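Dropping a structure here in structure tokens format, bear with me for questions.
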Amino acid sequence: MSLPTLSGEFTVASDPELRFTPSGKAVADVLLVANSRTKNDQGEWVDDKTLWMRGSAWGQVAENIAESCEKGSKVSVIGRVVTDEWKDKDSGEKKSKTALLIDSIGLALRFDPAKSVKTERKEGETQQAQPSQQNPWKGEAASDEPPF
């Protein structure tokens, strides 16, 4: 059975923390918060339930989070819900917490504009797809056919 997937809009509650493993792999931790709002009897909006979620990402996604997100950013997130378990150093007691292993994250454009910047790839890095260097939608020739 695979891990459950969660997707939703969150607010970044603190600046992302970027660190690197001894082998050089990037890891970013980010605190996410989502809350629901309801109208009270006077018709005013009030905060209702709140969900705090610690999110983690690895590799290029981690580096992009550190570069693009900051406290207060509104983001759309897709990730897998995991349970982290460990033993407390002092008491030896088993502890656990629910976290989100982030697969995809992006600024929510409903709230703020954003500018996309392509990441420079180092030689030897693999990419899933090689994007064209030209924008096919801005071609010189006018045609009714799509450019694919």
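The values are calculated or read from the model by the stated rules, or taken from the named source; none is laboratory data. This one's a predicted model, so the numbers in the text were calculated from it and none came from an experiment. Positions of Cβ are generated from backbone atoms using ideal geometry, with glycine treated the same way; all protein chains shown enter the neighbour counts.
Restricting attention to the range 23-31, does a residue exist that is at pLDDT below 90 and within 21 Å of GLY8 (Cβ to Cβ)? Working first, answer last.
Going through the range 23-31, the residues at pLDDT below 90 turn out to be none.
No.
While we're here: Do you know which of the residues in the range 52-73 that are more than 12 Å from PHE10 (Cβ to Cβ) and among the polar types (S, T, N, Q) is farthest from the chain's Cα centre (by Cα)?
Among residues in the range 52-73 that are more than 12 Å from PHE10 (Cβ to Cβ) and among the polar types (S, T, N, Q), the one farthest from the chain's Cα centre (by Cα) is GLN60.
Would a scan of the range 114-134 turn up a residue that is at pLDDT 70 or above, under 24 Å from SER7 (Cα atoms), of a type outside the set (A, V, I, L, M, F, W, C) and surrounded by 10 or more Cβ atoms within 10 Å (Cβ to Cβ)?
Within the range 114-134, none of the residues are at pLDDT 70 or above, under 24 Å from SER7 (Cα atoms), of a type outside the set (A, V, I, L, M, F, W, C) and surrounded by 10 or more Cβ atoms within 10 Å (Cβ to Cβ).
Okay, moving on. Suppose we filter the range 1-11 for residues that are farther than 14 Å from GLY79 by Cβ and touching a strand residue (DSSP E or B) at 6+ places or on another chain (Cβ under 6 Å); how many remain? Break it down stepwise before answering.
As a first pass, look at the range 1-11 and keep what is farther than 14 Å from GLY79 by Cβ: 1, 11.
Then keep just the ones that are touching a strand residue (DSSP E or B) at 6+ places or on another chain (Cβ under 6 Å); that gives 11.
The number of residues fulfilling the criteria is 1.
Specify which of the listed residues (LYS49, LYS71) is exposed (fewer than 14 other Cβ atoms within 10 Å of the Cβ), part of a strand (DSSP E or B) and either in contact with a strand residue (DSSP E or B) (Cβ under 7 Å, 6 or more places away or on another chain) or among the small types (Gly, Ala, Ser) (or both). Give the derivation first.
Details: LYS71 fails: part of a strand (DSSP E or B).
Going through LYS49, LYS71 in turn, just one is exposed (fewer than 14 other Cβ atoms within 10 Å of the Cβ), part of a strand (DSSP E or B) and either in contact with a strand residue (DSSP E or B) (Cβ under 7 Å, 6 or more places away or on another chain) or among the small types (Gly, Ala, Ser) (or both): LYS49.
In the list SER76, SER14, which residue meets the criterion of being small (Gly, Ala, Ser), part of a strand (DSSP E or B), under 18 Å from the mean Cα position of the chain (by Cα) and surrounded by 13 or more Cβ atoms within 10 Å (Cβ to Cβ)? Write out each step before concluding.
Values: SER14 fails: part of a strand (DSSP E or B).
Just one listed residue meets the conditions, SER76.
Ok, one more. Return a yes/no flag: does the range 82-96 have any residue that is touching a Ser or Thr at 6+ places or on another chain (Cβ under 6 Å), of a type in the set (Gly, Ala, Ser) and in a strand (DSSP E or B).
We begin by selecting, within the range 82-96, every residue touching a Ser or Thr at 6+ places or on another chain (Cβ under 6 Å); these are 83, 85, 96.
Add one more test, that the residue is of a type in the set (Gly, Ala, Ser), and what stays is 96.
Keeping just the survivors that are in a strand (DSSP E or B) gives 96.
The answer is yes; a qualifying residue exists.
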